[in-house]
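Where a number appears in this text, it was derived from the coordinates with a stated rule and is not lab data. Worth saying up front: this structure is predicted, and the values here are computed from it rather than measured. Don't worry about glycine lacking a Cβ; one is built from the backbone with ideal geometry, like all the others, and counts go over all protein chains shown.
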């Protein structure tokens, strides 16, 4: 993704102090030694080690590594706070929210960072996007944050690097396509790069709220928050929605990979039915539950049906079972996966007829959850469409990683001393780790300063407010943790 001169630079206006209204929180520091529930849509090597999520690429061709957390698509407000390892060497990247043909977030490129958005992406290689802010930064930023808040018809956007707010502005009359999408991190590199994600916290509103149920999509909405992935140069233009159909159309002489991931997020058990038709020519069609390019299970349709699971990053999958079939006869295809203790039971129906079954015994844990996706591997030409999708699902969730923020996330104590001159101590207690912001305002509500804006551990914390240079009078301090806040009053008396 290159910052082109033809991109329009939009001026920003000062953003009011509007707080993101979110219902759910996701946090991980990868200390558990795994990244279960994450989706890694990348040919790069991905592994968790020493409390870091590692992405490593060593090849002579440029690639994009696209990674997503387990939470699925989000709507309206969201915030992202993250830390990366100091030894990361990727050439550039993006972190934010990606819609079907849109995105909003932060782009990094060498020593430059920009806050950007796009509403009609036809190419990810050279996209037309609009810049809200651009500036120089260190090549390796250890901490960052992004907050997007819907305010009437506008979107308020705030970005920070290494605890410093670098942009605080507004997208006026924001298009609807920016209000939903999937949180993602995309890294760009050639030859060799490595990236270490230390921790990430996301506050969000889920697009699909129920942890289990049925999701139906008839593509009457032309921009549902499905996530495109595959060959970065091809996916944006080759996958589109028109006439109530999701179309995957590719006409070229080079090999490509074109997929879409559902907005549900990571799932365990599922029952997915696709209705559609088309011509794969010399290619293949696949339906998968995918964790990464090694950890996936699913169905491949070529000149036969194959239930498979991934075993190596660059090699072919292992075959669980197979059945002869003419792919031209398929109008309805249904794949069911059920985790049964030490076994994954897999069932395939073609045109409502039971056609193939298989079992994966004693699977590694990474095969037990993942993001649902489907698409094609095309040798030259492919022309397929889908007009209806139904998914019965159970989401992958754990209380330790994804939860609704409790009301008693924190308690705020009175500052001491009060009245004070020139400094006072503000204490607060967290019942669990949380992203916390403590800011000071004057009696008229004017912002004065931020005392802390960071992810803090559970327990009691103490912050000193030094009022040197301020006039005597009443001031307020406001503590925010997630969607909850408390305010205290203090008096500076000189």
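Data for the structure
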read-out	value
Computed over region 405-492, the ratio Rg/Rh where both radii use C-alpha atoms and Rh is Kirkwood	0.96
Hydrodynamic radius (Kirkwood) for region 212-395, which is based on Cα pairs only, to one decimal in Å	16.4
Helix-only mean residue ellipticity at 222 nm for the chain, each DSSP H run of n ≥ 4 adding -39500 (n - 2.57), per residue, nearest 500	0 deg cm²/dmol
Estimated D of region 24-206 in µm² per second, where Rh is the Kirkwood radius over Cα pairs and Stokes-Einstein applies at 20 °C, 1.002 mPa s	130
Protection proxy ranking of 148-157, 354-363 - average other beta-carbon atoms within 10 Å, highest first	148-157, 354-363
Debye-sum result for the chain in log10 I(q)/I(0), which assumes one identical scatterer on each alpha carbon, at q = 0.07, 0.08 Å⁻¹	-0.40, -0.52
Relative contact order of the chain, pairs being alpha-carbon contacts under 8 Å that are 6 or more residues apart, as %	16
Cβ-based exposure ranking for 77, 198, in which fewest neighbours within 10 Å come first	198, 77
Cβ-based exposure ranking for 446, 395, 158, in which fewest neighbours within 10 Å come first	446, 158, 395
Region 289-352-region 162-217 distance, computed between alpha-carbon centres (Å)	30
Inverse mean reciprocal Cα-Cα distance (Kirkwood Rh) of region 246-338, Å	14.5
Quotient of Cα Rg and 2.2 N^0.38 Å for region 247-288, N being how many residues it contains	1.43
